[in-house]
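Peer 1: Mind looking over this structure? Questions follow.
The values are calculated or read from the model by the stated rules, or taken from the named source; none is laboratory data. Because the structure is a prediction, the values reported are computed rather than measured. Backbone-built Cβ (ideal geometry, glycine too); neighbour counts: all protein chains shown. SASA here: full protein model, heavy atoms, side chains in, ligands and nucleic acids out. Shrake-Rupley method; radii C 1.70, N 1.55, O 1.52, S 1.80 Å.
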Amino acid sequence: MTLDRNKMRTLGYMSLIGFGVILVTAFLVGQVIMPIIFAKPKNVEVPDLIGKNISTAKRILQEAGLHAVVRDSIWSETAKIESVLEQHPEPGSMTKLEGTVYLVICKGSQIVAVPGVVGRSYEEAFITLRSSGLRASVADSLFSQSYPANTVIRTSPPNGSRVEKNAMVRLFLSRGPEPLADSLKTSNYPPGTY
């Protein structure tokens, strides 16, 4: 009976040791060996995005395992609209995988040309100027034989002038032809009589 008990005890110890070896092996494989074999690089090189369109820059960053955040947009007379002007971190530097690259993009030129609105109605001129990023105000109305009433006869600044966006363009409108002196009378009777 003692022999069976010792065999059982030894068999129990062997089972525990075998189970322990299996646990240690599983831990080492799962936590040490597999991450080494299938590990992604912890740092990636930041691509050069300067001058690229924002949609192209976002695609490039996504392919590199990075994220894009537009930090600011500024005016530029030389760069194309929605192109990347600055980036942080700098191109060629290393950053963590799934890291963020902050971008500054161009929102276009701040200088625009005053569109030609002479000969157009006030409403057309107003809409044309607004769509060009300019404001409009009526400066004066003048008699004109050449232009019908409520038509723009000139602007200040003139057509083609380069001004900053949101600048005011003063419109001079036609009142139509100047009335004749005799046509100013409203009645054929002398004043004070009916």
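Peer 1: Could you check, for region 25-34, whether at least one of its residues is part of a helix (DSSP H, G or I), over 30 Å from GLY99 (Cβ atoms), hydrophobic (A, V, I, L, M, F, W, C) and at pLDDT 80 or above?
Peer 2: The answer is yes; a qualifying residue exists.
Peer 1: Just give me the residues in region 108-157 being open to solvent by 70 Å² or more (accessible area, probe 1.4 Å), within 12 Å of LEU173 (Cβ to Cβ) and of a type in the set (S, T, N, Q), in sequence order.
Peer 2: Once the filter is applied, which keeps residues that are open to solvent by 70 Å² or more (accessible area, probe 1.4 Å), within 12 Å of LEU173 (Cβ to Cβ) and of a type in the set (S, T, N, Q), region 108-157 yields only ASN150.
Peer 1: Select, from LEU11, LEU23, LEU49, the only residue that is touching a residue at least 24 places away in the same chain (Cβ under 8 Å) and not β-branched (Val, Ile, Thr).
Peer 2: Residue meeting the stated conditions: LEU49.
Peer 1: Inside region 9-57, can you point out the residues that are open to solvent by 100 Å² or more (accessible area, probe 1.4 Å) and either charged (D, E, K, R) or touching a strand residue (DSSP E or B) at 6+ places or on another chain (Cβ under 8 Å) (or both)?
Peer 2: Answer for region 9-57, where residues must be open to solvent by 100 Å² or more (accessible area, probe 1.4 Å) and either charged (D, E, K, R) or touching a strand residue (DSSP E or B) at 6+ places or on another chain (Cβ under 8 Å) (or both): ARG9, LYS40, LYS42, GLU45.
Peer 1: Quick one: is LEU49 out of contact with any Ser or Thr (no Cβ under 7 Å at 6 or more places or on another chain), hydrophobic (A, V, I, L, M, F, W, C) and closer than 30 Å to VAL84 by Cβ?
Peer 2: In short, yes.
Peer 1: Follow-up question, since we're still on this one. Kindly state which strands (runs of 3 or more DSSP E) lie completely within region 55-108 and contain at least 1 residues that are of a type in the set (Asp, Glu) and in contact (Cβ under 8 Å) with a residue 24 or more places away in the chain.
Peer 2: 67-74, 84-88
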